[in-house]
1. Can you tell me which residue in segment B:200-221 is nearest to the other protein chains (Cβ to nearest Cβ), limited to those that are open to solvent by less than 10 Å² (accessible area, probe 1.4 Å) and assigned to a helix (DSSP H, G or I)?
2. Just to be sure, is residue A:128 open to solvent by 60 Å² or more (accessible area, probe 1.4 Å), within 19 Å of the chain's Cα centre (by Cα) and at pLDDT 95 or above?
3. Which of the residues belonging to segment B:71-103 are touching a Gly at 6+ places or on another chain (Cβ under 6 Å), aliphatic (A, V, I, L, M) and under 22 Å from residue B:132 (Cα atoms)?
4. Just to check your reading of the model, which residue among A:28, A:88 is farther than 30 Å from residue A:216 by Cα and away from chain B (no Cβ under 14 Å)?
5. Suppose we filter B:266, B:240, B:194 for residues that are under 28 Å from residue B:311 (Cα atoms), of a type outside the set (A, V, I, L, M, F, W, C) and in contact with a Ser or Thr (Cβ under 7 Å, 6 or more places away or on another chain); which single one remains?
6. Working carefully through the options B:282, B:296, find the one that is touching a helix residue (DSSP H, G or I) at 6+ places or on another chain (Cβ under 8 Å), more than 14 Å from chain A (Cβ to nearest Cβ) and within 30 Å of residue B:86 (Cβ to Cβ).
7. List the number of the failed condition for residue A:119; all other conditions in (1) within 11 Å of chain B (Cβ to nearest Cβ); (2) open to solvent by less than 10 Å² (accessible area, probe 1.4 Å); (3) within 24 Å of residue A:198 (Cβ to Cβ) hold.
8. Within segment B:223-261, restricting attention to residues that are of a type in the set (D, E, K, R) and more than 25 Å from the chain's Cα centre (by Cα), which residue is most open to solvent (accessible area, probe 1.4 Å)?
Amino acid sequence: MPADNRNKSSSFFQKNSQLLIPFVAIIILVIFNLIRDPGFFSIAIVNNNDGYPVLQGNLVSIFNGASELAILAMGMTLVTAASGGQDISVGALAAIAGSTLVKVLKSTETITPLTVILGILACCAVAMLFGAFNGMLVSVFRIQPMIATLILFTCGRSIAYWINGGATPTVSSPIITAIGSFIPGCPVPTPILIVLLMGILFFILFRTTTMGLYIQTVGINQGAAKLNGINPVGMKLLAFVLLGVCCAMAGTIGMSRLSLINHETLLLNVEMDAILAVAIGGNNLGGGKFNMIGSVMGAYAIQALTITLYAMKVPSTDVKAYKAIVIILLVVIGSPVVKDAFQKMKNRNGRRMLARKEAT
Amino acid sequence: MKKIIALVIALALCLTVFTVFADEAKVIKVGIVNNPPSESGYREANVKNFEEVFSAENGYETKTAYSLKNDEQLNAARQFITDGVDYLLISAAETTGWEAVLKDAQEQGIGVFLFDRMIDCDPSLYLAAVVSDMAQEGETAVNWLLAQNLEKYEVIHIQGAMGSDAQLGRTGALDAQFESGKMTKVIQQTATWDEAEAKKIVESVINAKTPFNVIYAENDGMAKGAVAALDDAGITHGVDGDVIVMGFDCNKWALRELLAGKWNYDGQCSPFQAAVIDQMIKKVEAGEAIEGLNEKNQIISVEKGFDARELTEDDIATYGLGE
C-alpha cells in the first residue's frame, strides 16, 4: 500500500505544483525558528486587560498580523490573473476605505452596530467605485495596470486625508475594538476570522459560478476568450471591483486595530508585499492560471519572515536587506528555469529507477 | 517725446511707490511658505497657529503657499518677492537650494524668518530662525525617565522613519543611555511611524517572554500600537502599571490617555512658532534689535514634556494637537 500513498501525494503536488514554493518557504521558516527557539510556536491563553481569555503567541501574531495582507493577496491574485498586471494602489485604496468608515462613524453621536454596518457598507461601496475606476482604465482604455493604478497610488492618500480633514482621527467604540482585536469571549483575534470569512466567500463564488474559469481564460488568451463569448472587459472590471472589496475589508481591519486612521501610514507599502505574496504563491504575474490558496500562503510566509526578524532582534536598519535575501531565494527557486531543471532531474531519476527496476 | 514718456513713467512709479507706502503704514504684508497641513498632526497645528496669528485682525495681509516639494516652494517664495511682501516666513522642504532666493529677498529689503526647519546658508541671509532642537527634545524625555528612579530600565524602543530629524533626535538621547549601560535595550526597531507595525514589534517581545518595563515610542501613534499589544497580553501600563509608556507629539487624544493614567509621558516638539515671529516682526517694525539669538541666528523653541501625574485639562486645551 505505501506505493499507493506515494502516488497520491505526488499527484497532489503535480496538480498544485504552484503550492510547493510557499509550502517550502513556510516549512523552512518553521524549522529555522524551532531550532533557534523551541518555544517559538507555543501558544498560551492569557487574560487581556479587559479580563477576557485570549490566545497569545508568535503563531497567533503571524496569522493576525498577516490578515490585511492575506485579504489583499486574494484580490490581487484575481487582478493578476485577469489583467496580467498588478494593482499598486491597494494600500492607498485601503486608506481611503478606512477613512470613509471613520467618516461615517464620526457622523453620529453614538456608535451603534447599525452605524458600523452602514459604515462598512459605505466603505465597500467607495472602494468598489475606485476599483471600478482602475478597472475601467485597464479594460476599456487598455492602459497597463501598473500605470493605470499609479494614478490612485499617487493621489489616494491625499483623498483619504480630504475625507476626514485631520491627520489621525480616532474613534472609540467597543464594536470597533471587537473588529480590530477580540470579540469579548472569543479567544481568536477577529481579523483572523475575517480572513476566514473572505476565504469562504471566494470559495463559494468559485464553486457556484464560472467566474474563476472565465477570469483565467481572459488572462490566458483575451482574443480566444472573446471568440468563446466571454467578455474580457467585464471580467477585468469584475476582478478590480472584487479587489476593491478586499481593500475595503483590509482598510476596515487596519483602522479598527487601533481605532484610528493615519492616512499616511495605514498599510504603507503593502502593495509590494501583496504582489510578492502572489508571486511566492507560484502565480504567473503575466496572468492566466491562478491559485488563491498559494497567494494566501505567500502572505503568511511574508508575515512569518517579518516576525522571525523581529524575534531575532535584527537591527531596524538591516531588516529590509535580510528580507530581500530571503525573497531573492524564494523567487529564484520559483523561477521557470530552476523549475525546469528540477523537472529534468526528476525525470532522469525516474528513468534511471525504471531502468534499474527493469534490470532486476 | 521720449522725455515726456519718461516723465510720465517716473510720475506713475512715484505714485505707486506712494500708494504702497501708504498701505504699509496700515498692514504688514507677509508671505508664508510652509508644508501642507496634511503632512502630519504637527503640521496641521503649525498651519493653524500661523493662520491665527497672521490674520487680518492682527494687522497682517498674509499670502500662503503649501508644498512638500522644494522647487514648488522656491517658486512660491519668488512669487512672494515679486508681489512685494515685507516679510517672508519659510519652513523649507529641503535644506538646500535657497541661497539665491534669500539673497534676492535681502536685496529687496524683505525680512526673512525661518521656522521649524533650517536652511543650509549663511545666517546673515535671514533675520532669525525659530526651530526645535530635536536632540534636546529626546534629552528632556530621557531625563524624565531617569528621574523616575526605576530599579532597572529594560526599554522597548520603537523608532520612527529612519533618518528623519525627529527620529535622530529622539533616538540619540536614548542611545547614549544604552551605551553607558544605564538602560538595557530589549529591542530597538523601526515601525516607520506605523501604529500597527509598532504593535507587532511589542507582540514579538511579549511572545519571546523577554522582560521589559519601559516603552519608548517616538510618536503617539506608535505608543498607541504598543499599548494595544500590552492590553491584548494583559500587561498593566501607565501610572500604576507595570510598564511605563512614553510617546511624542502631544496629540489631544494621546494627552487624554495620559490624563486617564494609561500612559506616563508625552513629549512635544512645539509647532507654535507664530507668536514668537510676530513679536520679532513688531520689534523690527519699531526699529528695535531682535534679542536672544544664538550664533546661527536661531531661537530654540522651548519643548514641553508632560508627566501624566501633573497634566491638567487646561494643558490639553493649550498644547494638544488636533481635535
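1. As a first pass, look at segment B:200-221 and keep what is open to solvent by less than 10 Å² (accessible area, probe 1.4 Å): B:201-202, B:204-205, B:214-218, B:220-221.
Retained after the next criterion (residues that are assigned to a helix (DSSP H, G or I)): B:201-202, B:204-205, B:220-221.
Values: B:201: 6, B:202: 10, B:204: 4, B:205: 8, B:220: 8, B:221: 6 Å.
The extreme case among them is B:204.
2. On the way: open to solvent by 60 Å² or more (accessible area, probe 1.4 Å): yes; within 19 Å of the chain's Cα centre (by Cα): yes; at pLDDT 95 or above: yes.
Criteria met by residue A:128.
3. As a first pass, look at segment B:71-103 and keep what is touching a Gly at 6+ places or on another chain (Cβ under 6 Å): B:80, B:85, B:87-88.
Subset that is aliphatic (A, V, I, L, M): B:85, B:88.
Of everything in segment B:71-103, just one residue is touching a Gly at 6+ places or on another chain (Cβ under 6 Å), aliphatic (A, V, I, L, M) and under 22 Å from residue B:132 (Cα atoms), namely B:88.
4. On the way: A:88 fails: farther than 30 Å from residue A:216 by Cα.
After ruling out the rest, the residue left standing is A:28.
5. Working: B:266 fails: in contact with a Ser or Thr (Cβ under 7 Å, 6 or more places away or on another chain); B:240 fails: in contact with a Ser or Thr (Cβ under 7 Å, 6 or more places away or on another chain).
Matching residue, one of B:266, B:240, B:194: B:194.
6. Working: B:282 fails: touching a helix residue (DSSP H, G or I) at 6+ places or on another chain (Cβ under 8 Å).
Only one candidate passes the filter, namely B:296.
7. Evaluating residue A:119 over (1) within 11 Å of chain B (Cβ to nearest Cβ); (2) open to solvent by less than 10 Å² (accessible area, probe 1.4 Å); (3) within 24 Å of residue A:198 (Cβ to Cβ) leaves (1) as the failure.
8. The initial filter retains those residues of segment B:223-261 that are of a type in the set (D, E, K, R), namely B:224, B:231-232, B:240, B:242, B:249, B:252, B:256-257.
From the residues that got through so far, the ones that are more than 25 Å from the chain's Cα centre (by Cα) too are B:231-232, B:240, B:242.
Numbers: B:231: 53, B:232: 26, B:240: 147, B:242: 109 Å².
For segment B:223-261, the residue satisfying everything is B:240.
The values are calculated or read from the model by the stated rules, or taken from the named source; none is laboratory data. Because the structure is a prediction, the values reported are computed rather than measured. FYI the Cβ positions are ideal-geometry reconstructions off the backbone, even for glycines, and counts take in every protein chain you see. Remember, those area values only see protein heavy atoms, side chains included, never the ligands or the DNA or RNA. Shrake-Rupley method; radii C 1.70, N 1.55, O 1.52, S 1.80 Å.
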